[in-house]
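Participant: Here's a structure for you.
The values are calculated or read from the model by the stated rules, or taken from the named source; none is laboratory data. In this text, all values refer to a predicted model and were calculated from it rather than measured experimentally. Virtual Cβ from ideal backbone geometry, glycine too; neighbours counted across all protein chains shown.
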Amino acid sequence: MLDLIAICLALTALLAYVNQRVFRLPTTIGVMAIALVLSLVIVGLDAVGLDHGFREREASFIQSIDFSELLMQGMLSLLLFAGALHVDLKALKAHRWQVGALALVGTLATTVLVGGATWLALPWVGIEMPLIHCMLFGALIAPTDPIAVMGIIKSAGAPRELEVVIAGESLFNDGVGIVVFALLAGVLASGSTPSGGDAAMLLLREAGGGIGLGLVIGLVLLVLLRSIDQYQVEVLLTLAAVIGGYALARHLHVSGPLAMVVCGLMVGSSAREHAMSSTTERYIDMFWELIDEILNAVLFVLIGLEVVLVQFSSSLLVGGAVAIAITLLARGLTVALPVRVLRRWFGLPRGASAVLAWGGLRGGISVALALHLPESQYRETILALTYCVVVFSVLVQGLTIGSVVRAAVGGTSRRGTASM
């Protein structure tokens, strides 16, 4: 395990250095792009018999890392807390109904649209996949990844209210998406379809329980932080609350991601205002910013390296292009269109619908859920489709979202904050 951690950190640091010296892209986009190109070069050399075993060694290294377990049970709690820590809770409360509608209704609608459209479209490119597997693909690709979204939107210079809605949606919809994915995976495993009431109760228990647990952990942490003034201990308390709270959520069978988002929002607002000295606040911000930066970089390097495990074919590449188009269309229908039609209720500036549509990035959560699928004849197909959507999302949408913001709502780039 120590060797794996050392290799991951060393490789990430090297790629980050190369990106900063040569390409100067946002860090996580840059390291992912470099890792992806290196992996594709190795795949190409292997195809012509010139790789000298590099692909086999890289594949062995990646297979030794349980990416799904690493992200879903390790990194995700830290990243979600760090992201929520810097969200303005007062501004989020002002848009709570809009964020809730996008995170819940939007995610459910996207799952159905992507799943149904994929089931209808894939046979036209020579790929057959049962409806339940298409719906699983819809569920894992529906939530926008807060890890990918938040840094890019901030660096793009989006208006404050639009930034809050996008950040809030991306923080909460992954919890909904994970619950829907688990429900569909259970249907696949059992072969029986639960009733609407059972499905609603599962969603309520997982999501509502996660939110409730996050409130409890946040309140306890608030009391503890208020009772002392020692920044080293207070930083340690936040770290223990995140890791311990996420583990507790697993044992209680409630949504750990939602619990960490709620806890992070409480610490970032109430604790910052009532329980921290300026010194403590500065150190907590610095600590979690570093955690966010380092883990994000490692995560996206691993995404770039994962390509060696994906078995692509000409039909799968075409299918990936179809999946990208379907995902973008579903995002437009479930998020951008309602925001445009109900612009007065959403209270967002003109052009916000275009930013919301193009800013719906997919990232590590989608890849982790795809890798979490049980072995079947359709697993590799879903993984390939997911990888195509994620790579397009991060590299194409991520690198152009700044231009979309400036063209749609007049945002200005804020240099130095692009970190994803």
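Participant: Where residues in the range 247-269 are without any contact (Cβ under 8 Å) to a residue 60 or more places away in the chain and part of a helix (DSSP H, G or I), which of them is surrounded by the fewest Cβ atoms within 10 Å (Cβ to Cβ)?
Facilitator: That would be H251.
Participant: Being surrounded by fewer than 21 Cβ atoms within 10 Å (Cβ to Cβ), touching a residue at least 12 places away in the same chain (Cβ under 8 Å) and in contact with an Asp or Glu (Cβ under 7 Å, 6 or more places away or on another chain), is that true of even one residue in the range 332-346?
Facilitator: No, that holds for no residue.
Participant: Also, I was wondering about something else. Which of the residues that make up the range 19-69 are part of a helix (DSSP H, G or I), of a type in the set (A, V, I, L, M) and more than 30 Å from G402 (Cβ to Cβ)?
Facilitator: I42, V43, L45, A47, A59, I62
Participant: While we're here: Which of (1) at pLDDT below 95; (2) closer than 16 Å to A185 by Cα; (3) among the hydrophobic types (A, V, I, L, M, F, W, C); (4) part of a helix (DSSP H, G or I) is the odd one out, the single condition L373 does not satisfy?
Facilitator: That leaves (4) as the condition not met.
Participant: Is it true that V298 is touching a Lys or Arg at 6+ places or on another chain (Cβ under 9 Å), farther than 18 Å from G115 by Cα and of a type in the set (V, I, T)?
Facilitator: Numbers: touching a Lys or Arg at 6+ places or on another chain (Cβ under 9 Å): no; farther than 18 Å from G115 by Cα: yes; of a type in the set (V, I, T): yes.
Considered against the rule, which asks whether it is touching a Lys or Arg at 6+ places or on another chain (Cβ under 9 Å), farther than 18 Å from G115 by Cα and of a type in the set (V, I, T), V298 comes out as no.
Matching residues to (1) at pLDDT 85 or above; (2) of a type in the set (D, E):
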residue: C134; (1), (2): yes, no
residue: A142; (1), (2): yes, no
residue: I147; (1), (2): no, no
residue: E169; (1), (2): yes, yes
residue: A185; (1), (2): yes, no
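Participant: Could you please tell me which pairs satisfy a Cβ distance under 8 Å, a separation of 6+ or placement on different chains, a first residue in the range 379-406 that is surrounded by fewer than 19 Cβ atoms within 10 Å (Cβ to Cβ), and a second residue that is of a type in the set (V, I, T)?
Facilitator: Matching pairs, first to second residue: E380/V310; L395/I29; L399/I29; R406/T412.
Participant: Taking the range 106-130, which residues are surrounded by fewer than 15 Cβ atoms within 10 Å (Cβ to Cβ) and not charged (D, E, K, R)?
Facilitator: L120, P123, W124, G126, P130 - these are the residues of the range 106-130 that are surrounded by fewer than 15 Cβ atoms within 10 Å (Cβ to Cβ) and not charged (D, E, K, R).
Yes/no matrix, rows are residues, columns are (1) among the β-branched types (V, I, T); (2) at pLDDT 85 or above; (3) within 22 Å of the chain's Cα centre (by Cα); (4) crowded, with 17+ Cβ neighbours inside 10 Å:
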site	(1), (2), (3), (4)
D174	no, no, yes, yes
G197	no, no, no, no
L225	no, yes, no, yes
Y231	no, yes, no, yes
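Participant: Does any residue of the range 6-25 turn out to be touching an Asp or Glu at 6+ places or on another chain (Cβ under 8 Å) and farther than 30 Å from G175 by Cα?
Facilitator: No, the conditions are met nowhere in the range 6-25.
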